[in-house]
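Structure record follows, encoded as structure tokens.
The values are calculated or read from the model by the stated rules, or taken from the named source; none is laboratory data. Small disclaimer: the values here were computed from a predicted structure and weren't measured. Methodologically, a virtual Cβ is constructed for each residue, glycine included, from the backbone with ideal geometry; neighbour enumeration extends over all protein chains shown.
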Amino acid sequence: MDEIGAGFVRAMELILTLDPAIVEITVRSLIIAVASTAIATTIAVPAGGLLHFHNFWGKRAIINLIQTLYSLPTVTVGLLVFLLLSRSGPLGGLGLLFTPGGMVVGQTILIVPIMTGLTIAALSGITDQVRDSAISLGASKRQAIFTIMVEARAAMMAAVLLGFGRALSEVGVAMMIGGNIQGYTRVLTTAIALETSRGDIEFSMALGIILVSISLIVNLLVNRVQGRWWT
Amino acid sequence: MKGKVLQISAMALILALLCTAAAAQSVAGGGQKDRLRISTTTSLYDTGLLEEVEKIFENIYNVDVHIISAGTGIAIQYGVRGDVDLILVHDVVRERNLIEEGHGLSRSCFAYNYFIIVGPEDDPAGIKGMGAAEAMKTIMEQGIESPGLVRFVSRGDDSGTHAREKLLWKAAGLDYEELRGRWYVDAGKGMGPTLVMANEVAGYTLCDTSTFEAFRGDLALVPLIEEDEALLNVYAAIPVSPSVHPAVNCAMAVKFVNFLVSEEGQGLIAEYGTDTIGKPLFKAARGDCDLIGCFGDECAMPLAEDSCSLAAA
């Protein structure tokens, strides 16, 4: 118990004094996760919309597949993207392995399924009544879709924030694609893994506290958004 | 209300674009400077030695040194796939294979220390004072006899330390594949977590001295077998050959090797750890080549400047 207490105190010291190493790693984590989430949003929201508003053969199977991919282990995505980006792989010429850009690619692939799935769920949450009343008020099909998307904005925002949370807290892709290079691809999760294996418990705890705090803020935002944000 | 939604979406979009640009910038920024990518074994990196060498080397050559720390198995894989320019590992058999297969340019020993067999202080198997192979055999015999009392925790992760463990079982006349039972714990983890696990189950394990020193304060384990010849742990540098992967930065890899084996590099290695732990963690390879089995070209000598162009041709 002493160890945890002492580690916690030291960790808080490191955070409150804005230890440069910790600030640097935190900022890098945020930039990479935000970039991944931004790209994933531009893929997942239209994809979710297409899947929701169009009926076609095999739609249920695709949605099932997407939902299965929610639980894709991050190291599996890491391995897959590693094999793609490695010099000996099909995209080796891009030189993206062991770079922040490569990490963004990997994290985007990781979070697109969950964000797509949650977008579909968000749109499904809007009752048919909304569409029906929009159409009965003279809305075209496009206008009806727009109305539904506006109505679903809170739940879709939650999907984006959850994607961000997953990107920020995953370790498999960051480790395999980034390589945990100091000052270049080292992020919160990989730094925690490293410092734990090095035996620097306080530093690991400090990073862990930051990660949990950011997750807490994101969760508060999700709740806020799902409650009353724009009303 | 619609105006507000638009406003917020626009702001979010601008923010996202800015961040993407920043991320892209940092990628491009890394590409401008010459870049040397090194994959290395955790035991070498976790001590902090390489970070110190990195700083000095970066200042001399104005290059970005990117170190990827992983187990010896995957570190070598990175080299085979052409994803790194230089490999720093400790598994002589796989290192020589790498050169025979044409993936490695040359093998330069630059540092060494000893593996140790650590265990609980009361030493339930009674191995203290034995040779390494005999100790391993005793741990197995005692382990089978009283599995609750005597345990061996294996790295089980194809690392250099794991490879050495297999060699030790072989030297003891045992077949590694046959080792089964409650006494044999296959951790599948890095050295640090394996030590912590051995500590929790009061078991024995094979460990490199540097990682053990880093963790010593948190462990009840003590070194029981040290400095046995069978426990010699030699670190070598292998530039990835441009003959298979033309894109590798071989010239800078050769410069890094030559820095490691230079007077300055060897001095740094021999002293590293004195300030923090009170004793050096590694020994310099130069001067001890016969002892550590690095003969001829392998003996901590600078590589010729044209070794890359020769290999590429």
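Restrict the check to region A:127-149 and report whether at least one residue is of a type in the set (S, T, N, Q), over 28 Å from A:R60 (Cβ atoms) and assigned to a helix (DSSP H, G or I). Yes, region A:127-149 contains a residue that is of a type in the set (S, T, N, Q), over 28 Å from A:R60 (Cβ atoms) and assigned to a helix (DSSP H, G or I). Within the set A:S133, A:S169, the sole residue that is more than 27 Å from A:T68 (Cα to Cα), away from chain B (no Cβ under 14 Å) and at pLDDT 85 or above turns out to be A:S133. Of all residues in region A:181-189, one or more are within 19 Å of B:G71 (Cβ to Cβ), of a type in the set (A, V, I, L, M) and within 13 Å of chain B (Cβ to nearest Cβ). Of the residues making up region B:273-299, those that are over 18 Å from the mean Cα position of the chain (by Cα), at positive phi and assigned to a loop (DSSP other than H, G, I, E, B) are B:G278, B:G287, B:G293.
Checked against (1) more than 13 Å from chain B (Cβ to nearest Cβ); (2) surrounded by 18 or more Cβ atoms within 10 Å (Cβ to Cβ); (3) over 21 Å from A:L194 (Cβ atoms), A:G92 meets all criteria but (1).
With respect to the conditions (1) within 14 Å of chain A (Cβ to nearest Cβ); (2) closer than 23 Å to B:G160 by Cβ, B:G265 falls short on a single one, namely (1).
Of note, A:I126 satisfies the criterion of being over 22 Å from the mean Cα position of the chain (by Cα) and touching a residue at least 24 places away in the same chain (Cβ under 8 Å). For region A:58-89, filtered to residues that are outside any helix (DSSP H, G or I), more than 10 Å from chain B (Cβ to nearest Cβ) and without any contact (Cβ under 8 Å) to a residue 60 or more places away in the chain, the residue that is surrounded by the most Cβ atoms within 10 Å (Cβ to Cβ) is A:L72. Within the set A:R28, A:R10, the sole residue that is away from chain B (no Cβ under 14 Å), among the basic types (K, R) and out of contact with any Gly (no Cβ under 8 Å at 6 or more places or on another chain) turns out to be A:R10.
Listed here are the helices (runs of 4 or more DSSP H) enclosed by region B:1-109 that have at least 1 residues being farther than 27 Å from A:T37 by Cα, assigned by TED's automatic domain parsing to the domain that holds B:G265 and at pLDDT 90 or above: B:49-61, B:72-80, B:92-100. With the requirement that a residue be closer than 25 Å to B:R96 by Cβ and either hydroxyl-bearing (S, T, Y) or in contact with a Gly (Cβ under 8 Å, 6 or more places away or on another chain) (or both), what does region B:259-299 give you? B:F259, B:S262, B:F282, B:A284 - these are the residues of region B:259-299 that are closer than 25 Å to B:R96 by Cβ and either hydroxyl-bearing (S, T, Y) or in contact with a Gly (Cβ under 8 Å, 6 or more places away or on another chain) (or both).
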